[in-house]
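Some notes on the structure that comes next.
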């Protein structure tokens, strides 16, 4: 009987020790996490390919504490001028105690999504805000979350976009269109540019397409001569529509004939 009581006493003492030590070591792990550079996000980069914009940024979690990190979830919200662009969420495997997770998050969205959510990104230089939140569990029990805000300068791929010198030549039966823009983006503007001339009755008068490749920090300017297939359909006023990778990005309305 005495041995049973003695064993029970030792069990209670051990449980008390665990009860006292566990929150202390968890607290030390959290202090180590907060006071050091245990979690770091690097500057994001942008790219464009096959009609998709991509944001990518590496990050790391250096677990120097006493317990594993589990149920890791990273959520990123990209926005410009308080208008959301895209949302990204991803889970990652656990980070064992005294180990490092090196990973990256990527956000992708289409040219069409850009136009519907914030078309200024195509034509104006802006700051894109990335609101990053990270949640995980310590020792598989205690939930912990942190939030960070990153700002990425965004250079517009079609900065200072303009259509000028738009006139119909009755002799050549062409519509002249001077198109120009500057590529301020980190990536080249590489894709098919399509120009359509449309009458005020919304009838297609002529079109011209060309593959363009404009490097970062370079300008594009070209005078396009677009043949009108049926001159009898020409109207005094009309529209010029510009498409990039099959997505309409710009429309001009005005006089075609002086």
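The values are calculated or read from the model by the stated rules, or taken from the named source; none is laboratory data. Note that the coordinates shown come from a computational prediction; the quantities given were computed from them, not determined experimentally. Using ideal geometry, Cβ is built from the backbone for each residue, glycine included, and neighbour counts are taken over all protein chains shown.
Here is how the numbers come out for the structure above:
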| item | result |
| --- | --- |
| Residue check, residue 148 in contact (Cβ under 8 Å) with a residue 24 or more places away in the chain and in the same structural domain as residue 133 (by TED's automatic domain parsing) | yes |
| Residue match in the stretch 95-104 (condition: buried (at least 16 other Cβ atoms within 10 Å of the Cβ), modelled with pLDDT under 80 and touching a strand residue (DSSP E or B) at 6+ places or on another chain (Cβ under 7 Å)) | no |
| Complete set of residues in the stretch 131-150 that are closer than 22 Å to residue 80 by Cβ and over 21 Å from the mean Cα position of the chain (by Cα) | none |
| Residue check for residue 144: in contact with a helix residue (DSSP H, G or I) (Cβ under 8 Å, 6 or more places away or on another chain) and part of a strand (DSSP E or B) | yes |
| Sole exception among (1) loosely packed, with under 15 Cβ neighbours inside 10 Å; (2) in a loop (DSSP other than H, G, I, E, B); (3) under 24 Å from the mean Cα position of the chain (by Cα) for residue 108, by number | (2) |
| Enumeration of residues in the stretch 111-136 that are free of Cβ contacts under 8 Å to residues at least 60 places away in the same chain, assigned to a strand (DSSP E or B) and surrounded by fewer than 16 Cβ atoms within 10 Å (Cβ to Cβ) | 127, 131, 133 |
| Conditions (1) outside any strand (DSSP E or B); (2) surrounded by 15 or more Cβ atoms within 10 Å (Cβ to Cβ); (3) at pLDDT 70 or above; number of the one not met by residue 43 | (2) |
| Residue, surrounded by the fewest Cβ atoms within 10 Å (Cβ to Cβ), within the stretch 223-242, restricted to residues that are in contact (Cβ under 8 Å) with a residue 40 or more places away in the chain and more than 41 Å from the chain's Cα centre (by Cα) | 231 |
| Test: residue in the stretch 198-207 that is free of Cβ contacts under 8 Å to residues at least 60 places away in the same chain and closer than 19 Å to residue 222 by Cα | yes |
| Lone unmet requirement of (1) surrounded by fewer than 16 Cβ atoms within 10 Å (Cβ to Cβ); (2) touching a residue at least 40 places away in the same chain (Cβ under 8 Å); (3) not in a strand (DSSP E or B) for residue 171 | (2) |
| Tally, over the stretch 142-160, of residues that are closer than 29 Å to residue 258 by Cα and crowded, with 18+ Cβ neighbours inside 10 Å | 1 |
| Test for residue 212: is it buried (at least 18 other Cβ atoms within 10 Å of the Cβ) and either in a strand (DSSP E or B) or assigned by TED's automatic domain parsing to the domain that holds residue 130 (or both) | no |
| Residue that is over 22 Å from residue 118 (Cα atoms), modelled with pLDDT of 90 or more and touching a helix residue (DSSP H, G or I) at 6+ places or on another chain (Cβ under 8 Å), where the choices are 221, 173 | 173 |
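A quick yes/no check of all residues on (1) out of contact with any strand residue (DSSP E or B) (no Cβ under 9 Å at 6 or more places or on another chain); (2) over 30 Å from residue 41 (Cα atoms); (3) at pLDDT below 95:
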{"site": "133", "(1), (2), (3)": "no, no, yes"}
{"site": "195", "(1), (2), (3)": "no, yes, no"}
{"site": "201", "(1), (2), (3)": "no, yes, yes"}
{"site": "217", "(1), (2), (3)": "no, no, yes"}
